[in-house]
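Okay, structure first, notes after.
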Amino acid sequence: MDSTQTRLRFNTDRIETHSVVGASDTACMAMTHLSPILFLDFDGVLHPNRCAPTDCFCLLPPLAATVAQFDVTVVISSTWRFHKSLRWIKQLFPPAVRKQIVGTTGEPWPGQYARWREARDYLRDHPASDWRALDDFDFEFPPRCPQLIHCAGDRGCTRVELDILADWLSQATAPRNRVSDEYGGAPISRTSSDHEVATDRDARGGQPSATKL
């Protein structure tokens, strides 16, 4: 049995979704200096799926503004990592966020819950105090995965998901000092244009929509 087959041997009825992971979960819990990690997808998150090329990354500014306020590490989980360098990817982001982007997940996992397993592989070598994934492919994660912040692929990351992310970050980290770089300043405030989507979120008890393409 090769290494891939060995890795694929798991009990699908008992998949664990602990927040704190690494080579030793107990050791990680004791390492209070660890930062949380955000695994970031692009398609269906930073822009709607099937958007015009000119609209790619149209939703990046508000996401960058949220991330820049907190001491969180960003890891790229998008398949863009396979055909763009990390240096190229970082240039998409404002300076305040570039230094928070430390790497990408590794080789793609075959089979069930691939994106979740890629994140777990990364965390074994790079322990974190906690983690979340912004992703539109909920089927790439175990059902009701507590670490997934699901975005509807036809909308991308909206105020609903940003509020969920900010709520988590406010508990998982201490706010960063105010920075002068673009998108690194004042916290985002909800506007009247966000009322409809916020009402939709509130009606579901704070959870994002599961609508997909």
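Any read-out appearing in this document is the output of simple, stated calculations on the displayed coordinates, not a laboratory observation. For clarity, every value in this text was computed on a predicted model and none was experimentally measured. Here Cβ is always computed from backbone atoms with ideal geometry, including for glycine, and neighbour counts include all displayed protein chains.
Some values worked out for this structure:
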{"read-out": "Extension gain from ASP71 to ASP121, taking 0.36 nm per residue of separation minus the Cα-Cα distance", "value": "15.8 nm"}
{"read-out": "Distance-filtered residues of the range 103-127 - backbone nitrogen under 17 Å, label point 7 angstrom along ASN49 Cα→Cβ", "value": "113-116"}
{"read-out": "Between the range 29-107 and the range 139-173, the Cα center-to-center distance that results, in Å", "value": "14 Å"}
